[in-house]
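Just below is one structure, and these are the notes that go with it.
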Amino acid sequence: NSLALTADGWLRTGDLGVVHEGELYITGRAKEIIFVNGQNYYPQDLESIAQQVGALELGKVVAAGVRLPNAQTDHLVVFVLHRGSLREFVPIAAQVARVIGERAGLEVWEVVPVKRIPKTTSGKIQRHLLEQSYITGEFAAPLAEFRALRDASRGPG
């Protein structure tokens, strides 16, 4: 099928990569690119920035572009593996949003605490499952509790 190959003979797999010194390095997936304010962002770059916050590690932070129904652009949502209390999560979420804002110039729509990060059998993060869970409201109850704690910690005004 001619649609499976590029004009220069590469197979279209949906992967993004770079050839360096004759070696191919896979850098991500085309469908995972986050589109915000007319710009494209690679989730791995944003995750790397977020990992500069305290104890966050590779594979424990997932950046995703969530496109809500009827929206023309993605909202940046950052999912963070967190098994502690929501009260403990408040400063972590604030730091994640702040560092991404400072280093990438992006507003984080929401930082979501999750109990697990879905992965394929080969260990690849399944961003689309987190995005879908967010859109369908799976995180609505813990997020409502988290927002109340966050707002209370900010105080009046």
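Worth a mention:
- Single residue of 35, 89 found to be aromatic (Phe, Trp, Tyr), in contact with a strand residue (DSSP E or B) (Cβ under 9 Å, 6 or more places away or on another chain) and open to solvent by less than 30 Å² (accessible area, probe 1.4 Å): 89
- Residue 108 meets all of the listed conditions (1) closer than 21 Å to residue 42 by Cα; (2) among the aliphatic types (A, V, I, L, M); (3) without any contact (Cβ under 8 Å) to a residue 60 or more places away in the chain; (4) in a helix (DSSP H, G or I) but one, namely (4).
- Here residue 117 fulfils each of the conditions (1) surrounded by fewer than 19 Cβ atoms within 10 Å (Cβ to Cβ); (2) among the aliphatic types (A, V, I, L, M); (3) in a helix (DSSP H, G or I) apart from (3).
- Flag set for residue 131, criterion: under 23 Å from residue 36 (Cβ atoms) and among the charged types (D, E, K, R).
- Screening region 129-148 for residues that are in contact (Cβ under 8 Å) with a residue 40 or more places away in the chain and within 17 Å of residue 61 (Cα to Cα) and picking the one that is surrounded by the fewest Cβ atoms within 10 Å (Cβ to Cβ) gives 131.
- Scanning region 62-78 turns up no residue that is without any contact (Cβ under 8 Å) to a residue 60 or more places away in the chain, surrounded by fewer than 12 Cβ atoms within 10 Å (Cβ to Cβ), acidic (Asp, Glu) and not in a strand (DSSP E or B).
- In the condition set (1) in contact with a helix residue (DSSP H, G or I) (Cβ under 8 Å, 6 or more places away or on another chain); (2) at pLDDT 90 or above, residue 102 is compliant with all but (1).
The values are calculated or read from the model by the stated rules, or taken from the named source; none is laboratory data. This is a predicted model, so every value here is computed, not measured. Quick reminder, even Gly has a Cβ in these numbers, built from the backbone with ideal geometry, and neighbours come from all protein chains shown. In case anyone asks, the SASA skips ligands and DNA or RNA and just uses the protein heavy atoms, side chains included. Shrake-Rupley method; radii C 1.70, N 1.55, O 1.52, S 1.80 Å.
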